[in-house]
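Read the structure below first, then the notes.
The values are calculated or read from the model by the stated rules, or taken from the named source; none is laboratory data. The structure displayed is predicted, hence computed values, not measured ones. Cβ placement follows ideal geometry from the backbone for every residue including glycine, while neighbour counts extend to all protein chains displayed.
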Amino acid sequence: MNRAPPKARARNTEARSDMAGEEVTVASLFKNLPVSVQKVGESGKAEGDRMAAQLLGGIEKTHLILGNFRGGTVDKGDELIVRLATGMIVVGFRTRVLDVVEGPIRLFFTAIPGHMEALSLRKSDRLAAFIPADLHLRYGAQKNENFHLLQGMIVDLSRGGCQVSTKNPIDLNTEVRMSFSLPGDKNLFRVDGRVVRTRQKDGVYALGVQFQRETENLPALVELSQWLTQHLVYSVGT
């Protein structure tokens, strides 16, 4: 039996985050946006697979509404970490599922976040690097088919993209999936991007790759930004 959307006590609807002179408020999230979601485990940290979902909007400024979950299941009472891109800002916040309404589309009513964190993907400081990377070039309509593998070297890195040196030419606007490990980190990063600049000198091709802001890319971009924030401090003046 279908139930009406829940009514709850008014919560803080003024949660906001400032980044690079731009303000992100809860009200700006009251629209149809793709999101990446992870459950929070007993340890208080994100656990399990990342799920794709849709932030469908809000209700009376007391709830956010999620739906169209793919890649996992969510139940009433679950605490979630939600990440999304709005403009050139990646926003992340914690929330809890307050109620679930069954219907043609299963709707998840979550608490309005009391705090949000934001990271800017605008042009930012670049960190000189020397990081081996695999470049998977995509040809065709599907992201999981017709990949061609090349090797390259990341020579500088920022929150919004990187420069890669390779012995193989790659056309402008080619979509690439990059796989690499950051120094001191055993995790393998997989980030999708697009070749936006290319030049050749002495048989070596320098490629400018812009990272894509698609939903499945957001967790990796957040982790990459946090790593850069820590390491850029030590590169000032270099």
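When Ile170 is tested against the conditions (1) in contact (Cβ under 8 Å) with a residue 24 or more places away in the chain; (2) of a type outside the set (D, E, K, R); (3) surrounded by fewer than 19 Cβ atoms within 10 Å (Cβ to Cβ), the lone failure is (3).
With respect to Glu102, is the statement that it is surrounded by fewer than 18 Cβ atoms within 10 Å (Cβ to Cβ) and either without any contact (Cβ under 8 Å) to a residue 60 or more places away in the chain or within 16 Å of Ser36 (Cα to Cα) (or both) true? Here the answer is no, as Glu102 does not meet what is asked. Taking the condition of a type in the set (Val, Ile, Thr), under 23 Å from Leu221 (Cα atoms) and touching a Pro at 6+ places or on another chain (Cβ under 9 Å), does Val82 pass? Yes; evaluated as a whole, the condition is true for this residue.
Against the conditions (1) assigned to a strand (DSSP E or B); (2) at pLDDT below 90; (3) buried (at least 20 other Cβ atoms within 10 Å of the Cβ), Pro113 satisfies every one except (1).
Selection of region 157-187 for residues being modelled with pLDDT of 90 or more and in a strand (DSSP E or B) yields Cys162, Gln163, Val164, Ser165, Thr166, Glu175, Val176, Arg177, Met178, Ser179, Phe180.
Just wondering, is there one or more residues in region 85-94 that are modelled with pLDDT under 85 and either on the phi > 0 side of the Ramachandran plot or in the same structural domain as Arg213 (by TED's automatic domain parsing) (or both)? Yes, region 85-94 contains a residue that is modelled with pLDDT under 85 and either on the phi > 0 side of the Ramachandran plot or in the same structural domain as Arg213 (by TED's automatic domain parsing) (or both).
Collect the residues in region 59-81 that are touching a Leu at 6+ places or on another chain (Cβ under 7 Å) and modelled with pLDDT under 85, keeping them in residue-number order. Residues satisfying the conditions do not exist here. Among the residues of region 216-231, some residue qualifies, meaning at least one is over 22 Å from Leu84 (Cβ atoms) and modelled with pLDDT under 85. Within region 131-149, being modelled with pLDDT under 90 and not in a loop (DSSP other than H, G, I, E, B) holds for Leu137, Arg138, Phe147, His148, Leu149.
Pairs meeting the criteria (first residue in region 141-166 and more than 13 Å from Leu207 (Cβ to Cβ) and of a type in the set (Ser, Thr, Tyr), second residue in a strand (DSSP E or B) and at pLDDT below 80, beta carbons under 9 Å, at least 6 apart or on different chains) are Ser158/Leu127. Would you check which residues across region 193-218 are of a type outside the set (Val, Ile, Thr), part of a strand (DSSP E or B) and without any contact (Cβ under 8 Å) to a residue 40 or more places away in the chain and list them? If the condition is that a residue be of a type outside the set (Val, Ile, Thr), part of a strand (DSSP E or B) and without any contact (Cβ under 8 Å) to a residue 40 or more places away in the chain, then Gly193, Arg194, Arg197, Arg199, Gln200, Lys201 are the ones that fit.
For region 192-215, filtering for residues that are hydrophobic (A, V, I, L, M, F, W, C) and modelled with pLDDT under 90 leaves 1.
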